[in-house]
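Take a look at the structure set out below.
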Amino acid sequence: MKIHRITAILIRHLYLYQRSVPRLMDIFFWPVTELLVWGFLSAYLEKAGFGGANVVTILLGALIFWDLFSQSQRAVSVVFLEDVWERNLLNIFVTPLKVSEFLVSTVLIGLVRIILVGITIGIFAFFLYQFNLFVFGFSLIPFVLSLLLFGWAIGLFATAIILRFGTSAQVLAFGFTFLLQPFSAVFYPVSALPQWAKNISYFLPTTHVFEGMRQVINTGTFPWGTLLASFGTNLVFIILILWFFYAMFADVKEKGRLMKLD
C-alpha cells in the first residue's frame with residue numbers, strides 16, 4: 001500500500017468540492033436544515049414539559065451522531081459512484097492503484113466530510129440551542145469511532161451491491177441508513193420497540209452506541225459493556241462485508257463488467 005497513491009485519490013476528490021454546490025450542500029446545508037427541524041421540536045418539547053430536562057441533549061445529540069454516521073456511509077458509496085457516473089472507474093483501476101488503497105482514500109474523504117459536518121452543526125447547535133456537543137466528555141470519542149466504523153462498513157456493502165447489480169442499485173448509496181434507523185434506537189430506547197424489532201436491533205452496532213449515549217446522559221456512568229458490544233458487532237460486520245466486497249469486485253473484474261458498469 002503506497003501513501004502517494006492514496007493521497008492522489010484524496011486530493012482529486014477534495015478539488016471537486018471547491019466549485020461543486022451539490023457537494024457543499026450535502027456537507028453544510030442539509031445537515032443544518034435537519035438540525036433546525038429537530039432543534040425546534042426538542043425546544044418545544046422541553047418548554048411543554050415533555051421528556052424531562054435532558055430532552056434537548058438527547059434529541060440533538062442523537063441527531064448529530066446519526067448525521068455523522070450517515071456521512072461516513074455516503075462518503076464511501078458516493079465517491080465510488082462519482083467515478084462510475086464519470087466513466088472513470090476503468091481508468092483508475094488500470095493504474096497500479098490497489099483496491100485497498102482506493103478504499104482507504106474513500107475512508108479519508110469521509111473523515112474530512114465528517115469533520116466539516118461535525119464542526120458546522122456543532123457550532124449551530126451551540127449558538128441556536130445552547131447545546132454543547134462535548135457534554136458527553138471523553139465518552140464521545142469511542143462511541144463516535146464505533147459509529148464511523150459501521151458507517152464505512154455499510155458504505156462498502158452498498159458499493160458491493162452496486163458493483164453486482166449496476167447503478168440501478170445506486171439508491172442504496174443514499175438511503176441505506178434509513179433502512180437501519182428504525183432498529184437503531186436513535187431517538188428512543190430499545191425498550192420502545194416490539195420484540196421482533198428488538199431481536200434485530202441488538203445485532204446493530206448503532207443500537208449499542210445510542211443506548212450507551214443515553215446511559216451517559218441519564219446516569220453519568222460509562223457503559224463499558226455497551227461499548228464493547230458495539231465494537232464486537234462492528235468487527236463481525238466489517239469482516240463479512242470486506243469478504244463480500246472483494247468477492248463482488250473479483251466477480252465483476254473476471255466477467256469484464258467493470259468497464260460496462262452502468
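Filtering Pro205, Pro182, Pro223 for residues that are buried (at least 19 other Cβ atoms within 10 Å of the Cβ) and closer than 23 Å to Thr159 by Cα leaves a single hit, Pro205. Taking the criterion of being part of a helix (DSSP H, G or I) and among the aromatic types (Phe, Trp, Tyr), the residues of segment 100-153 that qualify are Phe102, Phe124, Phe126, Phe127, Tyr129, Phe134, Phe136, Phe138, Phe143, Phe150, Trp152. Of the set (1) part of a helix (DSSP H, G or I); (2) touching a residue at least 12 places away in the same chain (Cβ under 8 Å), all apply to Ala250 but (2).
Among the residues of segment 205-247, those identified as assigned to a loop (DSSP other than H, G, I, E, B) and without any contact (Cβ under 8 Å) to a residue 40 or more places away in the chain are Gly220, Thr221, Pro223. Sub-8 Å Cβ pairs linking a first residue in segment 172-187 that is closer than 20 Å to Leu41 by Cβ to a second residue that is assigned to a loop (DSSP other than H, G, I, E, B), at least 6 apart or interchain, are Ser184/Leu204; Ala185/Leu193, ordered by first then second residue.
Read the figures in this text as sums done on the coordinates, not as results from a lab. These numbers were taken from a predicted model, which means no experiment stands behind them. Quick reminder, even Gly has a Cβ in these numbers, built from the backbone with ideal geometry, and neighbours come from all protein chains shown.
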